[in-house]
Amino acid sequence: MTARPRPHLPMRPAWLCRNCAAPWPCGPAQLALVAEFYGHSIALAFYLAASMQEAIDDVYGLGLRPDLSAMHGRFLGWLSLARRPRRR
C-alpha cells in the first residue's frame, strides 16, 4: 500500500510547515497552491495576503515584532515568479 503524501500546511502561530518545518509557504506548498488556484491568480494573491496578515498578527501576539519586508517576500514575493511563462 502506498502512503498518501502529507500536505504542506501551516502550523500556527509559528507559521512553519507541518510537514517539512520550513517557513510556510514552503516550496512544496507554493507548488500546491499554484496548482490549486490555477487560472485564479488574483484569488491566490488575496489568500496569501490574508495568510500574511494572520501571520503578522500571530507574531505580534507572541510579543515579537515581525520583519514586514521579509513577511511580504515570504508570502507574496514569489507570486510574480509563478506567473512568468517558461522560456523555450
### Task
Any residue in segment 35-57 that's more than 15 Å from Leu9 (Cβ to Cβ) and surrounded by 15 or more Cβ atoms within 10 Å (Cβ to Cβ): show its pairings with residues that are at pLDDT 95 or above and aromatic (Phe, Trp, Tyr) at Cβ separation under 6 Å, as long as the two are six or more apart or on different chains.
Leu44/Phe37; Met52/Phe75
### Test set (1) over 23 Å from Arg65 (Cβ atoms); (2) surrounded by 14 or more Cβ atoms within 10 Å (Cβ to Cβ) - Trp15 fails condition number
(1)
### Summary
Leu31: passes all of (1) assigned to a helix (DSSP H, G or I); (2) surrounded by 14 or more Cβ atoms within 10 Å (Cβ to Cβ); (3) not β-branched (Val, Ile, Thr) but (2)
### Summary
Among the residues of segment 58-69, the number that are free of Cβ contacts under 8 Å to residues at least 40 places away in the same chain and not in a helix (DSSP H, G or I) is 5
### Query
In segment 1-12, how many are surrounded by 13 or more Cβ atoms within 10 Å (Cβ to Cβ) and aliphatic (A, V, I, L, M)?
1
### Task
Within segment 15-28, count every residue that is part of a loop (DSSP other than H, G, I, E, B) and either without any contact (Cβ under 8 Å) to a residue 24 or more places away in the chain or touching a Cys at 6+ places or on another chain (Cβ under 6 Å) (or both).
7
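The values are calculated or read from the model by the stated rules, or taken from the named source; none is laboratory data. Because the structure is a prediction, the values reported are computed rather than measured. Because the Cβ atoms are built from the backbone with ideal geometry, glycine has one as well, and the counts that use them run over all protein chains shown.
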